[in-house]
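Single-structure report; data block below.
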Amino acid sequence: MNEVKFVDTTLRDGQASLWAYGMRTDMILPVAATIDQVGFEAIEIFGSAPFKKCIRELRDDPWERIRLIRERSPKTPLRVIRGRSMSAFYITPQVIEDLWIERLAANGISQARISDPSNTVASWRWQVDKCRRAGLATIVNLTYSVSPKHTDEYYAQRAREAAGLGVDRICVKDPGGLLTPERTRTLVPVILQNVNGLPVEFHTHCITGLGPLCCIEAIKLGIRSVNTAIPPLADGSSNPSLFNVAMNARALGFTTTVDEEALKTVEKHFTSIAHREGLPIGVPAAYDYYQYVHQVPGGMISNLKHQLSKLGQEGRLTAVLEETVRVRAEFGYPIMVTPYSQFVGTQATMNVVLGERYKAVSDQVIQYALGLWGEEESSSMDANVREKILSSPRAKELAGWQPPQPSLKEVRLMYGGPGVSDDDLLLRYFAGKDEVDAMRAAQASKRPVSVGYPILGLIEKLNNTTNCNYFQVQNGRLSLTLQRGHSRA
């Protein structure tokens with residue numbers, strides 16, 4: 001079979017990687033129907049991470065976004081990505097997890113791509129079971145990393161275990177962009193041979209500049225479903241460009257199933273938004289070998305620079321990255337994805353800034369050492385480092401602590417009340433009642449989308465100025481003249 005299909009990541013991973021989840025619903029809706037009609041296998045649009053930002057910063061209702069995209073996308077399955085915990089740094093109560101999955105399905109989501117930061121089978125299992133009960137198709141992420149323990153044998157075993165869960169698909173996920181074409185040639189056959197015939201997707205990033213090459217190698221090796229983004233939300237730290245991967249696949253004799261010509265309007269639309277809003281445009285990245293050494297995600301490096309600058313220690317980034325390599329090894333080589341990349345990076349920063357290793361540790365690192373984030377994680381730690389962490393007074397305080405697991409009735413009392421829907425209850429859990437109320441109050445003042453239509457954007461800008469009362473636009477035989485209080489065409 002020479003047909004290559006694609007899953008679109010523009011509205012989730014693309015904007016997460018390049019726009020820090022800054023894409024508003026009104027930016028999406030003008031092109032949602034087009035993305036639906038061009039032939040993608042699925043459109044990934046959400047995860048739990050952006051819910052809080054949607055409410056607090058964008059003043060967008062995440063549930064409304066899902067419903068409005070669903071209305072405009074009746075053809076293509078909508079997908080979310082979910083992990084072991086809905087919060088990056090706190091362990092989520094199970095009842096919240098259950099309710100969130102239930103409401104995702106009710107609002108129009110039909111697929112869930114399931115991650116675990118350690119590829120832990122038990123975590124995959126309960127996530128798959130929850131999603132399946134809600135009627136969602138399940139795709140398990142087999143997350144790639146580079147370390148002495150992440151060998152071909154490791155991935156062969158994990159692939160067999162993932163396939164044994166009865167999922168719909170497996171996804172080879174390379175969130176750090178760490179795969180090389182050479183490593184792709186050894187890894188992909190191992191996984192394909194151990195998934196018992198299940199379809200396998202391929203997902204990588206362009207951080208080291210090698211993402212598009214790895215996609216082509218994966219296709220040559222038998223992968224027939226690739227995760228890509230639409231420019232300007234492709235390349236850079238994002239996923240490879242659909243246009244580039246499809247072009248190269250066809251050059252190798254494969255056929256592709258997406259109407260790329262129709263997607264040129266989507267590219268134009270989001271490029272207009274980027275220019276208007278001052279948002280980054282993805283460009284191909286230069287090769288960076290050092291990324292394989294420290295494995296710190298690109299967005300986290302920007303945050304480390306910012307934090308060091310606030311402390312007046314801008315010149316110590318290299319020292320922090322070098323310390324990150326040591327801390328990761330001492331933590332048992334966790335995969336550098338949320339939340340473990342933050343645990344490692346924060347600890348490395350404290351070690352460097354304070355001038356003494358493990359002089360201070362965060363509660364999350366203590367919980368990691370106690371096994372609250374997983375027994376595999378705790379038991380893999382360097383024994384001396386783990387002992388030092390657990391000998392602190394704060395560790396003794398946390399030793400008997402367990403994450404609270406309230407009942408649904410208790411959760412409804414905490415976050416709900418009479419007349420509060422389960423959707424609003426979850427919004428309050430993510431961001432708090434006051435922020436949800438502020439979001440609701442802002443709904444009426446949402447500005448209209450004009451970025452896909454430059455003349456409307458120009459009119460909007462001129463209307464907001466105070467020193468322009470008259471202007472004229474002419475294109476060939478068509479002339480448009482506007483004057484405050486008057487207009488004629």
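The listed residues are 53, 75, and the only one of them that is open to solvent by 10 Å² or more (accessible area, probe 1.4 Å), without any contact (Cβ under 8 Å) to a residue 60 or more places away in the chain and closer than 19 Å to residue 339 by Cα turns out to be 53. For segment 80-110, a residue qualifies if it is open to solvent by less than 30 Å² (accessible area, probe 1.4 Å), more than 15 Å from residue 142 (Cβ to Cβ) and not hydrophobic (A, V, I, L, M, F, W, C), and the qualifying residues are 82, 85, 92, 93, 97, 107, 108. Cβ-Cβ contacts under 8 Å between residues 6 or more apart (or on different chains), taken from a first residue in segment 300-317 that is within 17 Å of residue 339 (Cβ to Cβ) to a second residue that is surrounded by 13 or more Cβ atoms within 10 Å (Cβ to Cβ) and modelled with pLDDT under 90, are listed as 304/296. The residues of segment 416-435 that are modelled with pLDDT of 90 or more and either in contact with a Lys or Arg (Cβ under 7 Å, 6 or more places away or on another chain) or assigned to a loop (DSSP other than H, G, I, E, B) (or both), listed by number, are 420, 421, 422, 423, 425, 426, 430, 431, 432, 435.
Restricting to segment 244-301, count the residues that are of a type outside the set (Val, Ile, Thr), open to solvent by 50 Å² or more (accessible area, probe 1.4 Å), more than 21 Å from the chain's Cα centre (by Cα) and closer than 30 Å to residue 335 by Cα. Final tally of qualifying residues: 6. Can you find a residue in segment 272-282 that is at pLDDT 95 or above, out of contact with any Pro (no Cβ under 9 Å at 6 or more places or on another chain) and not in a helix (DSSP H, G or I)? Among the residues of segment 272-282, at least one is at pLDDT 95 or above, out of contact with any Pro (no Cβ under 9 Å at 6 or more places or on another chain) and not in a helix (DSSP H, G or I), which makes the answer yes.
Of all the numbered requirements in (1) at pLDDT 95 or above; (2) more than 15 Å from the chain's Cα centre (by Cα), residue 90 misses one, and that requirement is (1).
Answer yes if at least one residue in segment 309-319 is out of contact with any strand residue (DSSP E or B) (no Cβ under 7 Å at 6 or more places or on another chain) and buried (at least 19 other Cβ atoms within 10 Å of the Cβ), and no otherwise.
no
Looking at segment 259-280, is at least one residue of a type in the set (A, V, I, L, M) and touching a Gly at 6+ places or on another chain (Cβ under 6 Å)?
Start the filter on segment 259-280 by keeping residues that are of a type in the set (A, V, I, L, M), which leaves 262-263, 266, 273-274, 279.
Checking which are touching a Gly at 6+ places or on another chain (Cβ under 6 Å) leaves us with none.
Checked against the condition, which is being of a type in the set (A, V, I, L, M) and touching a Gly at 6+ places or on another chain (Cβ under 6 Å), segment 259-280 yields no hits at all.
Filtered by the rule that a residue be outside any loop (DSSP other than H, G, I, E, B) and open to solvent by 10 Å² or more (accessible area, probe 1.4 Å), segment 111-121 gives 111, 121. Do we find a residue being within 24 Å of residue 224 (Cβ to Cβ), assigned to a loop (DSSP other than H, G, I, E, B) and not hydrophobic (A, V, I, L, M, F, W, C) anywhere in segment 122-142? There is no residue in segment 122-142 that is within 24 Å of residue 224 (Cβ to Cβ), assigned to a loop (DSSP other than H, G, I, E, B) and not hydrophobic (A, V, I, L, M, F, W, C). When segment 151-183 is filtered for residues that are open to solvent by less than 10 Å² (accessible area, probe 1.4 Å) and either over 22 Å from the mean Cα position of the chain (by Cα) or of a type in the set (Gly, Ala, Ser) (or both), the ones remaining, listed by number, are 155, 159, 162, 177. Considering segment 1-21, the residues that are open to solvent by 10 Å² or more (accessible area, probe 1.4 Å) and assigned to a strand (DSSP E or B) include one that is nearest to residue 232 (Cα to Cα), namely 5. Screening residue 371 on (1) over 21 Å from residue 83 (Cα atoms); (2) surrounded by fewer than 16 Cβ atoms within 10 Å (Cβ to Cβ); (3) in contact with a helix residue (DSSP H, G or I) (Cβ under 6 Å, 6 or more places away or on another chain); (4) not aromatic (Phe, Trp, Tyr) shows it passes everything except condition (1).
Checking each residue in segment 22-45 for being outside any loop (DSSP other than H, G, I, E, B) and either more than 22 Å from residue 279 (Cβ to Cβ) or modelled with pLDDT under 95 (or both) picks out 33, 36, 37, 42.
The values are calculated or read from the model by the stated rules, or taken from the named source; none is laboratory data. Just so it is clear, the structure is predicted and the values come from calculations on it, not from any experiment. Heads up, the Cβs are rebuilt from the backbone with ideal geometry, glycines too, and the neighbour counts pull from every protein chain shown. Surface areas here come from the heavy atoms of the whole protein model, side chains and all, with no ligands, DNA or RNA. Shrake-Rupley method; radii C 1.70, N 1.55, O 1.52, S 1.80 Å.
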